[in-house]
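Asks: Quick one: this structure, given as structure tokens, is what I'll be asking you about.
Values in this text are rule-based calculations from the coordinates and carry no lab data. Bear in mind that the values here come from a model prediction, so they are computed numbers and not experimental data. All Cβ positions, glycine included, derive from the backbone under ideal geometry; neighbour counts span all protein chains shown.
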Amino acid sequence: MKPRHFISLLDLTGDEFRRLIGRAVELKNNRDPEYQPLKGQVLAMIFEKSSTRTRISFEAGMSHFGGSALFLSPRDTQLGRGEPLRDSAKVISSMVDGIMLRTNKHETVTTFAEHSSVPVINGLTDEQHPCQLLADMQTYFECRGDIRGKTVTWIGDGNNMCHSYIHASTVLDFNLNIASPVGYEPEPSIVNAAGDRIRFFTSALAAARDADLVVTDVWASMGQEEEQKLREIAFADYQVNASVMNAAKADALFMHCLPAHRGEEVTADVIDGAQSVIFPEAENRLHAQKALLEFLMCDK
Ligand code: CP
Ligand code: NVA
């Protein structure tokens, strides 16, 4: 039987997403060291790009559940020397119980999943970052209840995080306002599939009006470092600052997947202010992914 993968949020139904959030909250609030549903299981983690939160949360999560995680980089495996992805997927999946990948190309993860005999998890690609949305949505539900029908505002790059917010709006049924500079909008195919939940704005202030949640991300993602200077100019009017937060609802939350650049995409007073939930959001990577690992790997 084909294993269940987690490549995109669209792999989940709304019910499954809500159940994962509920389970993540349960695991967070009632940690039982005796509960080891993945005892003896191994998660291989392949990182083509850097990571703090993703690596630590998966590694700690596997360890809490009685299993272990292997950190693998293309630099010191045959992946970096051009071993075909399909061969690598077959070989690695014959030895471990799950595989998490963080890659440049999204197709690397989908190809791996096609040839893997165990669940494959997308730990970020240039196109999507679904694991981060599990944590973001857990955080919203914990602070404010169900997000159905609420308004979320995305300010900044139409990047992997923005794409996963678009997917989340479809699966969990919320409205998403997007303000991105011209030339940095999200992929039209991803936007079009989400229908009329998505609205575009040319001003950050207008996009934030009456929002329940304001979210942003770095102006230059991993792999775009050489575009930093150009992007600083293009994104200058797309900063989340006090005026933007004042346009949102009085009880609006602020989120950022981190790492953040204070003074660029967000001002220090906002990210370190009372409406910001960035640290619970980061911690929830652990709890949400434990719920995901249990969901994908427990009933193999
Ligand atoms: N937010 C996030 O994925 O962080 P890392 O790059 O540190 O894993
Ligand atoms: N958009 C960012 C997210 C980092 C977690 C990047 O891809 O670098």
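Asks: Restricting the search to the stretch 121-137, which residues are within 12 Å of ligand 1 (Cβ to nearest atom), part of a loop (DSSP other than H, G, I, E, B) and within 19 Å of Thr216 (Cβ to Cβ)? Walk me through it before giving the result.
Replies: Kept after step one, since they are within 12 Å of ligand 1 (Cβ to nearest atom), are these residues of the stretch 121-137: 122-125, 128-136.
Narrowing the set further to residues that are part of a loop (DSSP other than H, G, I, E, B) leaves 123-125, 128-129.
Within the stretch 121-137, Leu124, Gln128, His129 meet the criteria.
Asks: Ok, one more. What tally of residues in the stretch 36-75 results from selecting those that are surrounded by fewer than 16 Cβ atoms within 10 Å (Cβ to Cβ), among the polar types (S, T, N, Q), more than 16 Å from ligand 2 (Cβ to nearest atom) and assigned to a loop (DSSP other than H, G, I, E, B)?
Replies: Of the residues in the stretch 36-75, 2 are surrounded by fewer than 16 Cβ atoms within 10 Å (Cβ to Cβ), among the polar types (S, T, N, Q), more than 16 Å from ligand 2 (Cβ to nearest atom) and assigned to a loop (DSSP other than H, G, I, E, B).
Asks: Kindly indicate whether any position in the stretch 219-236 is touching a Gly at 6+ places or on another chain (Cβ under 6 Å) and within 16 Å of ligand 2 (Cβ to nearest atom). Even if it seems obvious, please write down each step before you answer.
Replies: Step one: of the stretch 219-236, the residues touching a Gly at 6+ places or on another chain (Cβ under 6 Å) are none.
No, there is no match, as no residue in the stretch 219-236 is touching a Gly at 6+ places or on another chain (Cβ under 6 Å) and within 16 Å of ligand 2 (Cβ to nearest atom).
Asks: Of all residues in the stretch 76-112, which are in a strand (DSSP E or B) and among the aliphatic types (A, V, I, L, M)?
Replies: At the first step, the residues of the stretch 76-112 found to be in a strand (DSSP E or B) are 98-102.
Within the stretch 76-112, Ile99, Met100, Leu101 qualify.
Asks: When residues of the stretch 191-238 are filtered for being among the aliphatic types (A, V, I, L, M), closer than 30 Å to Glu142 by Cα and surrounded by fewer than 16 Cβ atoms within 10 Å (Cβ to Cβ), how many remain?
Replies: Selection size over the stretch 191-238: 2.
Asks: Can you tell me how many residues within the stretch 40-66 are without any contact (Cβ under 8 Å) to a residue 60 or more places away in the chain, within 8 Å of ligand 1 (Cβ to nearest atom) and touching a strand residue (DSSP E or B) at 6+ places or on another chain (Cβ under 6 Å)?
Replies: The total comes to 0.
Asks: Take the residues in the stretch 106-126 that are within 13 Å of ligand 2 (Cβ to nearest atom) and surrounded by fewer than 20 Cβ atoms within 10 Å (Cβ to Cβ), then tell me which one is nearest to Leu293 (Cα to Cα).
Replies: His106
Asks: Now for a separate question. Could you run through the stretch 138-168 and say how many residues are more than 16 Å from ligand 2 (Cβ to nearest atom), in a helix (DSSP H, G or I) and surrounded by 20 or more Cβ atoms within 10 Å (Cβ to Cβ)? Step through it out loud before you land on a result.
Replies: Just the residues of the stretch 138-168 that are more than 16 Å from ligand 2 (Cβ to nearest atom), to begin with: 138, 140-153.
Now drop any that are not in a helix (DSSP H, G or I), which leaves 138, 140-144.
With surrounded by 20 or more Cβ atoms within 10 Å (Cβ to Cβ) added as a condition, the list becomes 138, 140.
Summing the residues that are more than 16 Å from ligand 2 (Cβ to nearest atom), in a helix (DSSP H, G or I) and surrounded by 20 or more Cβ atoms within 10 Å (Cβ to Cβ) in the stretch 138-168 gives 2.
Asks: Give me a count of the residues in the stretch 190-243 that are among the acidic types (Asp, Glu) and within 16 Å of ligand 1 (Cβ to nearest atom). Explain how you work it out, then say what you get.
Replies: Of the residues in the stretch 190-243, the ones among the acidic types (Asp, Glu) are 196, 210, 212, 217, 225-227, 232, 237.
So of that shortlist, the ones also within 16 Å of ligand 1 (Cβ to nearest atom) come out as 217, 225.
The qualifying residues number 2.
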